[in-house]
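The values are calculated or read from the model by the stated rules, or taken from the named source; none is laboratory data. Just so we're clear, the structure is a prediction, and the values are computed from it rather than from any experiment. Please note: Cβ atoms are built from the backbone with ideal geometry, for glycine as well, and neighbour counts cover all protein chains shown. Surface accessibility is based on the protein's heavy atoms, side chains included, excluding ligands, DNA and RNA. Shrake-Rupley method; radii C 1.70, N 1.55, O 1.52, S 1.80 Å.
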Amino acid sequence: MLNRRKFVGLSALFLLGACGAQTTNSTTSAGKNKIVFWTMQLKPQFEQYMTNLIAGFVKENPTAEVEWVDIPWGEMETKILTVVAAKTAPDVVNLNPQFASKLAEKNALVDMNKAISATDQASYFPNIWKANQLDQVTFGLPWYVATDITIYNRDLFEKAGLDAAKPPQTFEDLTKVAEQIKAKTGKYAFMLTMDGGQVLESMVQMGMKLFDANGKAAFNDAAGKAAFAYWVNLFEKQLIPREILTEGHRKAVELYQSGELAILLTGPQFLQSVAKNAPEIAKVTDIGAQITGSTGKKSAAVMNVAVPTTSQNQELAVKFALYLTNAENQLAFTKVENLLPSTITSSRDRYFTEAAKDSPLLDRARVVSASQLPQSEVLIPPAKGIENLRKIIYEELQTAMLKEKSSEQAIATAAERWNAL
């Protein structure tokens, strides 16, 4: 159902006539306070969990009624835009920060800074909490989280004369590993892709700053130029596949599963894909922490729950959002979902902190992934026009890779293009 790549954005648009949005009353014929809750593609896998959770909430709040509506992933953007415009939005809705920020720009979502207590706010990881902020408004509560790890081929490491117990920890290390693997085996070490935020996230990890306080480009400085040059140099030295220009994350997974790629930078759940599609590669696969840059930052993808301002039972809706995302319920949900919680207390459970050396690889990966939560954040923050910025930077990076411009000319042009917007 979910993988980290899908966290990046909601892009598919469907015909408005297919939305089927309905106006719901805030009270039932039995006099109960009713709220409508929308999720993204949780049925049927999580139907029992959600049914039990809602029953638990109603037991604690006997005058409440919760109607759960599950929306297919690709339809959520169109549907929520339609019902927000018609003022018939659900009371609580599951979104990602990038899209929720578009609604926040229109003041369509409740500010959680004002709606919940400081104590409740402090229950979430501080950097994960910030993922739902636009200007001074916090437009949602963090729900579940994913952080990438390093999945690597021990056999290729050994053939290249590398220590198979020590995967690279930084992008500087990664360059050295890439050179040695290419020289000794003829294979590529890794392939970060441009169909999402991976390459731009890596630049932020290297110290690139995207914006200044006025929203103008801040990346055309020494740190930004170095991050840009990093990728251009790898491409020119043929240390990353040429497919980076045309292919996406799926291609990187295919190359890893075929033994042509030594390292896959992705979510732990892809270990299941490798085990299923490439059992021989799975036998020589191991895991390590997410590779980062000089900043030490780790990237995270976050899903949230938000409360539209049109809710007629706003107080109850916020109460339900808090219940859904509290430490106890997040622990239960992430055990089912095999992702990570956004609450500090949940992450301290043995499920996320302990795994023996001979534990299944997926269990060890979960512990590694969870250990990164305190350093993890959404590295490409919600901001007006952020998708345009990513597109501009990638286009100019590709011109430098193809030697149509120098690296410095390309990043300068990217800054000019962004500022012109």
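Of all the residues in segment 79-101, those that are surrounded by fewer than 22 Cβ atoms within 10 Å (Cβ to Cβ) and not hydrophobic (A, V, I, L, M, F, W, C) number 3. Condition test on residue 119, is it under 19 Å from residue 326 (Cα atoms), open to solvent by 60 Å² or more (accessible area, probe 1.4 Å) and polar (S, T, N, Q)? Criteria met by residue 119. Within segment 123-150, being open to solvent by 40 Å² or more (accessible area, probe 1.4 Å) and either touching a residue at least 60 places away in the same chain (Cβ under 8 Å) or touching a His at 6+ places or on another chain (Cβ under 6 Å) (or both) holds for 123, 127, 130, 133. Of all residues in segment 247-270 being open to solvent by 20 Å² or more (accessible area, probe 1.4 Å) and in a helix (DSSP H, G or I), which is nearest to residue 367 (Cα to Cα)? So, considering only residues that are open to solvent by 20 Å² or more (accessible area, probe 1.4 Å) and in a helix (DSSP H, G or I), the one nearest to residue 367 (Cα to Cα) is 270.
Which of the strands (runs of 3 or more DSSP E) contained wholly in segment 83-176 include at least 3 residues that are farther than 19 Å from residue 343 by Cα? Answer list for segment 83-176: 149-153. Taking (1) closer than 25 Å to residue 280 by Cβ; (2) outside any loop (DSSP other than H, G, I, E, B); (3) open to solvent by less than 10 Å² (accessible area, probe 1.4 Å) in turn, residue 227 satisfies each apart from (1). For segment 368-396, a residue qualifies if it is buried (at least 19 other Cβ atoms within 10 Å of the Cβ), among the hydrophobic types (A, V, I, L, M, F, W, C) and assigned to a loop (DSSP other than H, G, I, E, B), and the qualifying residues are 378, 379, 380.
Against the definition (surrounded by fewer than 17 Cβ atoms within 10 Å (Cβ to Cβ), part of a loop (DSSP other than H, G, I, E, B) and touching a residue at least 60 places away in the same chain (Cβ under 8 Å)), how does residue 290 come out, yes or no? Judged against the criteria, residue 290 is not a match.
Filtering segment 316-354 to residues that are outside any helix (DSSP H, G or I), crowded, with 21+ Cβ neighbours inside 10 Å and modelled with pLDDT under 95 leaves only 339.
Every residue in segment 271-287 that is assigned to a loop (DSSP other than H, G, I, E, B) and free of Cβ contacts under 8 Å to residues at least 12 places away in the same chain, please.
None - no residue of segment 271-287 is assigned to a loop (DSSP other than H, G, I, E, B) and free of Cβ contacts under 8 Å to residues at least 12 places away in the same chain, so the list stays empty.
For beta carbons closer than 6 Å, sequence separation of 6+ or different chains, a first residue in segment 400-419 that is surrounded by 13 or more Cβ atoms within 10 Å (Cβ to Cβ) and a second that is among the hydroxyl-bearing types (Ser, Thr, Tyr), the qualifying pairs are 400/407; 405/399; 410/399.
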